[in-house]
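Data first, discussion second: the structure below is written as structure tokens.
The values are calculated or read from the model by the stated rules, or taken from the named source; none is laboratory data. Note that the coordinates shown come from a computational prediction; the quantities given were computed from them, not determined experimentally. Methodologically, a virtual Cβ is constructed for each residue, glycine included, from the backbone with ideal geometry; neighbour enumeration extends over all protein chains shown.
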Amino acid sequence: MGHIEDEVRRDYWHHSIDLGDGLVTPGAKTLETLSAEYGTIFDGVDIEGRSVLDVGAWNGAFSFEAKRRGAGDVLATDSFCWQQSPFNGRDTFELARRRLGLDVRDADIDVMAITPKLGHFDVTLYLLIVETHLDAADVTRPAMIMYPGQELNSDSTNWWGPNRACVEHLLRLNHFEAIVYQNHPTLGPLRGIFHAFRSSEEARAYIRRQARWRAPLTRWRGLQRAVAQ
């Protein structure tokens, strides 16, 4: 156990991942926070046997969770966090994948370089899930705040904070017909989770699956109102 513990402590972790035998990576996001995010992002999404593309996988927590939930082909992709120090995300991803023994593929590729040549994925063709920091909530028009320095979490790579209207319009411009919005389960309106669908029928099916996951009635009604058509 000592060797693996040394490996875990060597690098920075954004995701807390239970590696078994009482060993949990010291992620900035706790197990509790990630568990809540898993529920908000995946509950109600039909990924059984489907292909999943994880863009910006970092340590791979969401790729691994998709595989645990029965996804077929899962491809984890990243570039900046996998290549840059002090993140060394590629090493942490591979350590966690090896320890968990999950069949998750990987591709070191920048998001701007992702094209259909990488493959076709159900989450790309039929469903898009976006979880992002939000700002400018008091602006009714689509807007985005720029952070030229380290204003957001002391991280110089955090450049932009869109408002909800901005994200929804960007999704519609990319031909997503229906959007379901939810506040982050632990951070509330500071971060938003958007489920975007190619058709209203897919969105309604998602909401029905959410109901079967026994979402509270108030949340269920909120989801119904949030579907943008």
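Odds and ends about this structure:
Here's the yes/no breakdown for (1) within 22 Å of the chain's Cα centre (by Cα); (2) of a type in the set (Asp, Glu):
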position	(1), (2)
Asp110	yes, yes
Leu118	yes, no
Thr132	yes, no
Ile145	yes, no
Pro148	no, no
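- Of all the numbered requirements in (1) over 15 Å from Leu53 (Cβ atoms); (2) among the acidic types (Asp, Glu); (3) touching a strand residue (DSSP E or B) at 6+ places or on another chain (Cβ under 6 Å), Asp106 misses one, and that requirement is (1).
- Pick from segment 58-83, criterion over 13 Å from the mean Cα position of the chain (by Cα) and assigned to a loop (DSSP other than H, G, I, E, B), ranking: farthest from Gly119 (Cα to Cα): Arg69
- Hits in segment 84-134 (condition: within 26 Å of Tyr181 (Cα to Cα), in contact (Cβ under 8 Å) with a residue 40 or more places away in the chain and outside any strand (DSSP E or B)): Val111, Ile114, His120, Phe121, Asp122, Val123, Thr124, Leu125, Tyr126, Leu134
- Residues of segment 46-57 that are in a loop (DSSP other than H, G, I, E, B) and crowded, with 23+ Cβ neighbours inside 10 Å: Ala57 alone.
- Pairs linking a residue in segment 14-34 that is in contact (Cβ under 8 Å) with a residue 24 or more places away in the chain and under 18 Å from His184 (Cα atoms) to a residue that is basic (Lys, Arg) and part of a helix (DSSP H, G or I), with Cβ atoms under 8 Å and 6 or more positions apart or on different chains, do not occur.
- Unmet criterion (only one of (1) over 14 Å from Ser63 (Cα atoms); (2) within 19 Å of the chain's Cα centre (by Cα); (3) not basic (Lys, Arg)) for Pro86: (2)
- All of (1) part of a helix (DSSP H, G or I); (2) modelled with pLDDT of 95 or more; (3) of a type outside the set (Lys, Arg) hold for Ala205 with one exception: (2).
- Residues in segment 172-197 that are part of a strand (DSSP E or B) and without any contact (Cβ under 8 Å) to a residue 12 or more places away in the chain were compared, and the one that is surrounded by the most Cβ atoms within 10 Å (Cβ to Cβ) is Asn183.
- Check on Asp138, touching a Lys or Arg at 6+ places or on another chain (Cβ under 8 Å) and acidic (Asp, Glu): no
- Scanning segment 135-171 for residues that are without any contact (Cβ under 8 Å) to a residue 24 or more places away in the chain, over 27 Å from Ser63 (Cβ atoms) and not acidic (Asp, Glu) returns Ala143, Met144, Ile145, Met146, Tyr147, Pro148, Gly149, Gln150.
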